[in-house]
Amino acid sequence: MVRAFGLVLGLACVLVACGGDRGAPTKAVAPKAPPRAASPEVLQAAGIDNTVLAKALFGAKGTGSAQPAAPYGGYAKGCLAGGVELPETGPTWQAMRLSRNRNWGHPDTIAYIKRLSAKAAAQPGWNGLYIGDISQPRGGPMLTGHRSHQIGMDVDIWMKPALNLTLTRPDRENISSISTRRARGAYTNDNWTRAHHEILKAAASDPAVARIFVFPGAKVQMCRDARGNRDWLRKIRPWWGHHYHFHVRLSCPSGAAGCVDQAPMPPGDGCADAERWVQDILNPPPPDPNAPPPRPRREYVMSDLPQQCVSVLSSR
Ligand SMILES: [Zn+2]
């Protein structure tokens with residue numbers, strides 16, 4: 001039933017062409033200790049109008065806050081203090097869609113991107129990675145696209161092999177990634193290569209990573225192609241979309257008290273679950289007539305976010 005509901009959501013998402021992982025991986029979240037939300041007194045003291053949507057406030061900030069780096073809240077409801085900018089071009093990466101100014105993250109995320117891109121550069125046909133959205137300079141909700149990516153611990157990585165690392169700014173606005181799926185995500189297509197497998201394996205094998213979202217057909221393909229140790233497969237999670245890019249979610253940094261991890265994944269490699277996703281794509285279950293209509297999501301205002309996000313917003 002849950003999956004059928006998700007299928008409807010996923011379909012709706014396709015129909016309105018929303019970005020990547022909207023509505024994504026937050027259903028299973030069980031916050032260990034929800035952070036204290038910003039109170040009216042705190043908001044008033046900071047001069048923040050709580051009728052303004054948080055996405056407008058965070059979307060207006062062009063630089064990181066002058067604070068020690070810290071994610072506050074959860075992946076889909078939080079903000080980022082002390083965000084660091086991923087350099088637009090490095091030896092083994094380029095940040096794409098620079099006009100969005102979403103190449104900011106927690107320093108751990110930036111370090112992760114650098115080391116993963118160096119591994120990707122060792123794959124045939126790849127000189128590194130094209131990096132999609134990380135977070136806004138101070139994280140928080142966004143004016144367009146993602147629901148997650150709010151605390152600087154999520155990053156989208158393009159499926160298109162990064163061969164040319166001298167792309168200009170206009171190139172990076174205009175070039176598109178490539179889709180690696182066919183049959184609505186039940187299978188990979190000819191753009192999917194062993195290099196994708198190796199890069200996703202390296203991405204998931206890094207201990208900083210909590211989980212990775214990719215379309216179901218890719219997970220099933222990796223389950224078939226994996227040899228030897230299969231532990232890394234557990235972190236590869238089937239999800240809607242995610243065929244032009246895969247989405248890496250890092251765990252909360254150690255000692256980050258205000259950061260809320262997602263609930264742990266079930267044991268095992270998750271391959272049977274991915275097969276079920278594929279079967280549901282190929283033979284969609286009939287809609288549940290008793291399912292409640294999806295409730296529209298309310299947009300966050302500052303009093304929905306952790307109290308620390310007030311100082312993240314107010315900091316110089
Ligand atoms: Zn994403």
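Arrange the following residues from fewest to most other Cβ atoms within 10 Å of their Cβ: Ser176, Ser135.
Ordered from fewest to most neighbouring Cβ atoms within 10 Å, Ser176, Ser135 come out as Ser176, Ser135.
State to the nearest 20 debye the size of the charge dipole of the chain about its Cα centre, where the only charges are +1 on K and R beta carbons and -1 on D and E beta carbons.
It comes to approximately 240 debye.
Could you tell me the ratio Rg/Rh of segment 29-119? Both radii from Cα atoms, Rh via Kirkwood.
That ratio is 1.03, to two decimals.
When the label point is put 7 Å from the Cα of Ser205 along its Cα-to-beta-carbon vector, which residues of segment 112-155 have a backbone N closer than 13 Å?
116, 119-120, 122-123
At R0 = 25 Å, how high is the FRET efficiency between Arg298 and Arg100 if r is their beta carbon distance? Nearest 0.05 is fine.
0.55
Multiplying the sequence separation of Arg36 and Asn174 by 0.36 nm and subtracting their Cα-Cα distance, what value in nm do you get?
45.5 nm
Which of rounded, prolate or oblate describes segment 81-217 when judged by the alpha-carbon gyration tensor and an a/c cut-off of 1.5?
It is rounded, given that a/c, with a ≥ b ≥ c, falls under 1.5.
Taking only DSSP H segments of four or more residues, each worth -39500 (n - 2.57), what value at 222 nm results for the chain once the sum is divided by all its residues, to the nearest 500 deg cm²/dmol?
The per-residue figure over the chain is -8000 deg cm²/dmol.
Report relative contact order for the chain in percent, whole number only (criteria: Cα-Cα under 8 Å, sequence separation at least 6).
Worked out over the chain, it gives 26 percent.
Would you mind ranking Thr166, Thr180 so that the residue whose beta carbon has the fewest other beta carbons within 10 Å leads the list?
By the 10 Å Cβ count, ascending: Thr166, Thr180.
Please order Leu200, Leu163 by the number of other Cβ within 10 Å, starting at the fewest.
Placing the least packed residue first, the sequence is Leu163, Leu200.
For segment 183-316, compute Rh as the Kirkwood radius over C-alpha pairs and then the Stokes-Einstein diffusion coefficient at 4 °C and 1.567 mPa s; write the answer in µm²/s, rounded to an integer.
For the chosen part, D equals 74 µm²/s.
In whole Å, largest first, what are the principal axis extents of the Cα atoms in segment 212-279?
Rounded to whole Å, the extents work out to 39, 27, 18 Å.
So what's Rg/Rh here for the chain, counting alpha carbon atoms and using the Kirkwood radius for Rh?
Here the Rg-to-Rh quotient is 0.96.
So which of Lys119/Lys235; Lys114/Lys201; Lys114/Lys160; Lys55/Lys160; Lys55/Lys219 end up more than 23 Å apart by C-alpha?
Result: Lys55/Lys160; Lys55/Lys219 exceed 23 Å.
Which whole-angstrom value gives the distance between the alpha carbon centres of segment 54-131 and segment 261-316?
Measuring centre to centre over Cα atoms gives 22 Å.
Using Cα positions and a limit of under 12 Å, work out the aspartates and glutamates in reach of Lys77, with same-chain residues fewer than 8 apart set aside.
The reachable aspartates and glutamates, counting only those whose Cα sits under 12 Å from Lys77, are Asp261, Glu299, Asp304.
Report Rg(Cα)/(2.2 N^0.38 Å) for segment 121-167, keeping two decimals.
With N residues counted in segment 121-167, Rg over 2.2 N^0.38 Å equals 1.39.
Given the chain, what percent of its DSSP beta bridges are antiparallel, to the nearest 5?
So the antiparallel bridges in the chain amount to around 75 percent.
None of the figures in this text is laboratory data; all of them are computed from the coordinates on show. Keep in mind that this is a model prediction, so the values were computed, not measured. Note that each Cβ is placed from the backbone with ideal geometry, even for glycine, and that neighbours are counted across all protein chains shown.
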